[in-house]
Amino acid sequence: MSRSAADALVETLVGQGVDRVFCVPGESYIAVLDSLVGETAIQVVTCRHESGAGFMALADARITGRAGTCFVSRGPGATNASIAVHTADQDAVPVVFFIGQIERKDFGRGAFQEVNYAKTFSDMAKAVEEVHDPERLPEVAARAYHIAESGTPGPVIVSLPEDMLEQPCAAPAMPARPRPRPLPAEADVSTVADLLAEAKRPVLIAGGMLNQPAARKSLLACSEAWSLAVAPSFKRQDLFPNEHPNYAGHLGYGIPPALGEALAEADLVLAVGTRLGDITTQGYTLPKPEQPLVHVYPDAAAIGAVFPATHAMVADAGGFVAALAERNAPPAPAGRADWNARLHAIHTGLAAWTPRDATDGVDFGHVVRPLIDRLDDDAILITDAGNFSSWLHRHYPFKETNLLLGAVTGAMGLGVPAAVAAALRQPDRQVVALIGDGGFLMTGNELATAVKEGTRICLIVSNNGAYGTIRLHQEKQFPGRTIATDLVNPDFAALARAFGATGLTVETPDQAAGVIDRALAADGPVVVDVRSSLDHISAYATIAGLRGH
């Protein structure tokens, strides 16, 4: 039997270093599935929905720093996966999506499940390629990984007509290409060092391009060498130890007014490894036009896109902080220590947890608080979208050895799939995901995948019977006038047991610590159903307070 294009694709995946693919099987790429049967270098993880498969590939990429791989079928499979494509684009995560396609002879006829992927994904993916010639498949696949991982990382779509996959292919498998890593120029580092030596109130905004362990160490060394305050960007507060005196707070949704007012006084802003999106910049208001800005990012297209930079560097973020850390920093100017202490005091004042009792359920802080004492320094924490994550963001003292996974798109449904992917990739680390009742019922079916794969994950569900974030907005804008946000939920602990997982329940605050102990000690997947308060809708607000009661 001759070597097929599908065989050549699988050989190329091995050459790219792919060791795990996430998929929902489909007949449109069944030839690839057949080629994977005897390939021991690649684990195939079968998921229960294409959005779950896409989120798993995205989470896997966030952990490894390499492109994740997802296979889905044509039409509905592709559109189901689009939420993960969008999230990978917004979060700058490299993922290659291989999508089955109709036979080439039927293109343009409106055939069964036909979708024009170039149109559908044109504003979400870095590139969309459709392979008509089987001889070019290895080349296109290798290029897809190169594009996904270069510059601003992101998603790439490769469309695979099913008849092409079955054709003979003589083209050799393609190896991985070296990823370009632009190192900072000596003159640029000197310029920034001079600016930093004179600044009395500098702050470094740390972005996702600093996510690798070596870059995190360099960031810490740079901060300590230069007495430099560090404020991680949205969903990235794990990049810098939160209890360090140079930690300035997390630039997430609606930062405390005191922090925003203080940062507006910074006399130098170093944005390193971040595109300066709207949440990190608090609606494109930080930095202010009069504040000097140094912007360091590996993709020239991101620099100056919104904020004009006083000094711009197209450079690897980790390489920049490493180079700056190695400089002989002069003594910090007078007032620098007071500035750092002021920023850190704002954070510590907010981070302190005071127990709150609610009359309609458990304040979610009672569940987050035990995690502080019980999780390892290298635990992986995952947040689905929702107000329940505010307790973690406010109170949990992240270390640079922790890993935080969350969707910057605000997409519900990341939690369970990301936990599964994290446990598969790092089986020796604790994996804890915080999920809302709304998000769990979007992709909670991946609990079946967790059970099948034998993963050790702890899924903590905030069960307050509402789409909490939208309810919060309703109460702010239209107090007492709510619609479409009330939910009727199953017993999540019982549902977990039906899947073959462990199901536990927290109904009162005094049960929280003991239940968390049991959940972390379990051998397989655990779901903790927390009957949480709706009135205590976030770590910062109550519905009664919003209504003025």
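The values are calculated or read from the model by the stated rules, or taken from the named source; none is laboratory data. Keep in mind the model is a prediction, meaning the values are calculated, not measured. Positions of Cβ are backbone-derived with ideal geometry, glycine not excepted, and every protein chain shown enters the neighbour counts.
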Residues satisfying the stated conditions in the stretch 468-485, i.e. crowded, with 16+ Cβ neighbours inside 10 Å and either touching a residue at least 40 places away in the same chain (Cβ under 8 Å) or in contact with a Pro (Cβ under 9 Å, 6 or more places away or on another chain) (or both): Gly468, Thr469, Arg471, Leu472, Glu475
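Given the criterion over 21 Å from Ile303 (Cα atoms), assigned by TED's automatic domain parsing to the domain that holds Val314 and in contact (Cβ under 8 Å) with a residue 12 or more places away in the chain, identify the matching residue among Ala229, Ala193, Ala206.
Working: Ala193 fails: over 21 Å from Ile303 (Cα atoms); Ala206 fails: over 21 Å from Ile303 (Cα atoms).
After ruling out the rest, the residue left standing is Ala229.
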Tell me yes or no: at least one residue of the stretch 41-57 is surrounded by fewer than 24 Cβ atoms within 10 Å (Cβ to Cβ), at positive phi and small (Gly, Ala, Ser). no
Kindly indicate whether Val14 is farther than 29 Å from Ala411 by Cα, in contact with a Leu (Cβ under 8 Å, 6 or more places away or on another chain), in contact (Cβ under 8 Å) with a residue 12 or more places away in the chain and not in a strand (DSSP E or B). no
Could you check the stretch 246-267 and list, in sequence order, the residues that are more than 24 Å from Ala541 (Cα to Cα) and hydroxyl-bearing (Ser, Thr, Tyr)? Tyr247
Taking Val488 as the residue in question, decide whether it is crowded, with 19+ Cβ neighbours inside 10 Å, in the same structural domain as Val416 (by TED's automatic domain parsing) and at pLDDT 95 or above. no
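Residues to consider are Pro168, Pro155, Pro134, Pro172; find the one that is over 22 Å from Thr64 (Cβ atoms) and surrounded by 20 or more Cβ atoms within 10 Å (Cβ to Cβ). So that I can check it myself, show each step before the final result.
Values: Pro168 fails: surrounded by 20 or more Cβ atoms within 10 Å (Cβ to Cβ); Pro155 fails: over 22 Å from Thr64 (Cβ atoms); Pro172 fails: surrounded by 20 or more Cβ atoms within 10 Å (Cβ to Cβ).
Criteria check complete, one pass: Pro134.
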Conditions (1) buried (at least 16 other Cβ atoms within 10 Å of the Cβ); (2) at negative phi; (3) outside the structural domain of Thr274 (by TED's automatic domain parsing); number of the one not met by Arg177: (1)
Kindly indicate which of Ala332, Ala305, Ala271, Ala351 is under 27 Å from the mean Cα position of the chain (by Cα), over 18 Å from Pro241 (Cβ atoms) and modelled with pLDDT under 95. Ala305
Tell me which residues, restricted to the stretch 493-534, are acidic (Asp, Glu) and surrounded by fewer than 19 Cβ atoms within 10 Å (Cβ to Cβ). Glu507, Asp510, Asp517, Asp523
Note on the stretch 57-66: residues assigned to a loop (DSSP other than H, G, I, E, B) and either acidic (Asp, Glu) or farther than 12 Å from Asp19 by Cβ (or both) are Gly65
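Step by step: first the residues of the stretch 418-452, then only those that are of a type in the set (S, T, N, Q) and not in a helix (DSSP H, G or I), then the one that is surrounded by the most Cβ atoms within 10 Å (Cβ to Cβ). Which residue is that? Give the steps one after another, and end with the answer.
So the first thing to find is which residues in the stretch 418-452 are of a type in the set (S, T, N, Q), and the list is 426, 430, 443, 445, 449.
Going one step further and asking which of them are not in a helix (DSSP H, G or I), we end up with 426, 430.
Working: Gln426: 16, Gln430: 21.
Top of the filtered list is Gln430.
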Residue that is in a helix (DSSP H, G or I), in contact (Cβ under 8 Å) with a residue 12 or more places away in the chain, of a type in the set (A, V, I, L, M) and over 25 Å from Pro134 (Cα atoms), where the choices are Ala81, Ala88: Ala88
Verdict on Asp299 being surrounded by 15 or more Cβ atoms within 10 Å (Cβ to Cβ) and either assigned by TED's automatic domain parsing to the domain that holds Pro213 or free of Cβ contacts under 8 Å to residues at least 40 places away in the same chain (or both): yes
If you check Thr455 against the conditions, is it hydroxyl-bearing (Ser, Thr, Tyr), out of contact with any Leu (no Cβ under 7 Å at 6 or more places or on another chain) and either assigned to a strand (DSSP E or B) or touching a residue at least 12 places away in the same chain (Cβ under 8 Å) (or both)? no
If Ala501 passes every condition in (1) touching a Pro at 6+ places or on another chain (Cβ under 9 Å); (2) at pLDDT below 95 but one, which one does it miss? (2)
Give just the number: which of (1) touching a His at 6+ places or on another chain (Cβ under 9 Å); (2) closer than 23 Å to Val367 by Cα does Asn445 not satisfy? (2)
If you go through Gly254, Gly283, Gly273, the only one that is buried (at least 21 other Cβ atoms within 10 Å of the Cβ), at positive phi, assigned by TED's automatic domain parsing to the domain that holds Asp194 and not hydroxyl-bearing (Ser, Thr, Tyr) is Gly273
